[in-house]
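Report on the structure given below.
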Amino acid sequence: MSLRHLRIVAVAALLASLTLVQLPSHAQFSPGPSPESAFSIPKAQQLQPEELSRLLHGQVANKPLIFQVGSHMLFAQAHIVGSEYMGPGSQSAGLKLLQDRISPLPRKTFIVIYCGCCPWERCPNMGPAYKLLHDMGFTNVKALYLANNLGADWVGKGYPVESGR
Amino acid sequence: MIVVGLFATVCLAALAPQSASADESPLNKTAPQFVRKTLDGGKLDLGNFRGKVVLLDFWATWCASCQIELPAFARWQRSYGAQGLQVIGISMDDDPELARRFYRRMKLSYPVAMGDEQLGAQYGGVLGLPLTFLIDRHGVVRARFQGETDLKLIDARLKELLSEP
C-alpha cells in the first residue's frame, strides 16, 4: 500500500470517527474503506468526460440515464444537462432515493453516475452508489471519472451544464 | 421572417442550458459581500472584516480533503489572529444540522455559516471542494485555491498578505 493510499485511509478513519458518534443515522458514513471509496469502481466501468459528451451529443441509439449522486447544493449550482438528482451515495437517504428510482428499471438499462464533489480518490459518494447498482444486478453502469471535481473536469472544459434544483 | 428568426433565437437562448462557467471568478476583484447567520447564532458580515486578511474557506462535512485543512485553519486563526487574520468558514452541506454538530465537535475557533448556490455563484461557482480564497486588507480577492492544496502554499501567500499594509 502506497503512502498516498495510507493517507486516504487515515482521512477516512478520521472522518468516520468524527461523524459516526454524533450524526443521525441517515448521515453516517459506512465503516470500512472499500465500499465508499471510488477506488472500488473497476477501471473498465469508468467513463471519461469526453466519452460522455460524445454519448450525449452524438447520434447514439442507446443514450444513458444520468444520475448525480452528490450533494444537492452542488447539483443546484451546476449539473450535467439532463441528469437527475439522486442524493449523496454516502448517505442512506441518497441511496434510498437511487434505489427507488432504479428498482423498476430493466437491469440492462444504460446508467451513468457522477458526483464531482471532490477529487476522485476522495469522493465518498461514487463507491456506495456504484455498489448499490451492481448489487441490484445492473449490468450496464458507468461511473463518470472526474479526476478533480465537476468544475475543473466538466464545466471548465466547456461541456454543458444547467443549474437549479 | 427576420422577426420570427429573432424571436426563435431569443426563445432558444432562454431555453439553453445555463453554463456555470459563466459565473465570474472574483479573483483580483472586490470580494462579493455577504451577510449570514453563523452556526452558533451570531451575525457574519464580511464587510466587518475590512482591514483584516480574510481566509474564506468553502468546505463540507463529507469532504475528506477539507478535514485535512480545517485543523490548520483553526491553528492559523490562533497564531495569526493578532496580525490581522480572520478565518471564515462556509459550509456547503445540504443539512445545516450536520455542519453544526461537526462545527461543535471540531471546536473551530472561527465563525462558520451555511452557504448556498447563490453564494457559490457569487464566488464563481463552488463546483468542488475544498475551495479557499484569500482576501486582502482592502477587501480584494488575491488568491484562490481549488482542491486539495499544499498547506505550505496557502501559508506562504497568507504571510505575504499579512505583511502588506
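Assorted remarks:
- Cβ-Cβ distances below 7 Å connect the following pairs, each with a first residue in the range A:145-165 that is more than 8 Å from chain B (Cβ to nearest Cβ), a second residue that is of a type in the set (S, T, N, Q) and assigned to a loop (DSSP other than H, G, I, E, B), and a separation of six or more residues or different chains: A:Tyr145/A:Gln48.
- Sole exception among (1) within 14 Å of chain B (Cβ to nearest Cβ); (2) among the small types (Gly, Ala, Ser); (3) within 24 Å of A:Ser53 (Cβ to Cβ) for A:Gly87, by number: (3)
- Meets criteria (surrounded by fewer than 18 Cβ atoms within 10 Å (Cβ to Cβ), out of contact with any Lys or Arg (no Cβ under 6 Å at 6 or more places or on another chain) and within 15 Å of B:Cys63 (Cβ to Cβ)) for A:Glu162: no
- Taken together, the residues in the range B:106-121 that are within 11 Å of chain A (Cβ to nearest Cβ) and not charged (D, E, K, R) amount to 7.
- Search result, residues across the range B:76-105 that are within 14 Å of another protein chain (Cβ to nearest Cβ) and either over 19 Å from the mean Cα position of the chain (by Cα) or aromatic (Phe, Trp, Tyr) (or both): B:Glu97, B:Arg101, B:Phe102, B:Tyr103, B:Arg104, B:Arg105
- Identity of the residue in the range A:44-82, part of a loop (DSSP other than H, G, I, E, B) and within 11 Å of another protein chain (Cβ to nearest Cβ), that ends up surrounded by the most Cβ atoms within 10 Å (Cβ to Cβ): A:Gly70
- The residues of the range A:141-154 that are touching a Gly at 6+ places or on another chain (Cβ under 7 Å) and either in a loop (DSSP other than H, G, I, E, B) or among the β-branched types (Val, Ile, Thr) (or both), listed by number, are A:Leu146, A:Asn148, A:Asn149.
- As a summary of the residue check, B:Phe102 satisfies the conditions (1) part of a loop (DSSP other than H, G, I, E, B); (2) touching a Leu at 6+ places or on another chain (Cβ under 8 Å); (3) crowded, with 22+ Cβ neighbours inside 10 Å; (4) not acidic (Asp, Glu) except for the one numbered (1).
- Qualifying residue in the range B:62-72 (condition: without any contact (Cβ under 8 Å) to a residue 60 or more places away in the chain, hydroxyl-bearing (Ser, Thr, Tyr) and either part of a helix (DSSP H, G or I) or within 14 Å of chain A (Cβ to nearest Cβ) (or both)): no
- Residue under evaluation A:Ser103, criteria (1) surrounded by fewer than 24 Cβ atoms within 10 Å (Cβ to Cβ); (2) within 14 Å of chain B (Cβ to nearest Cβ); (3) among the small types (Gly, Ala, Ser), criterion not met: (2)
None of the figures in this text is laboratory data; all of them are computed from the coordinates on show. In this text, all values refer to a predicted model and were calculated from it rather than measured experimentally. Note: ideal-geometry Cβ built from the backbone for every residue, glycine included; neighbour counts use all protein chains shown.
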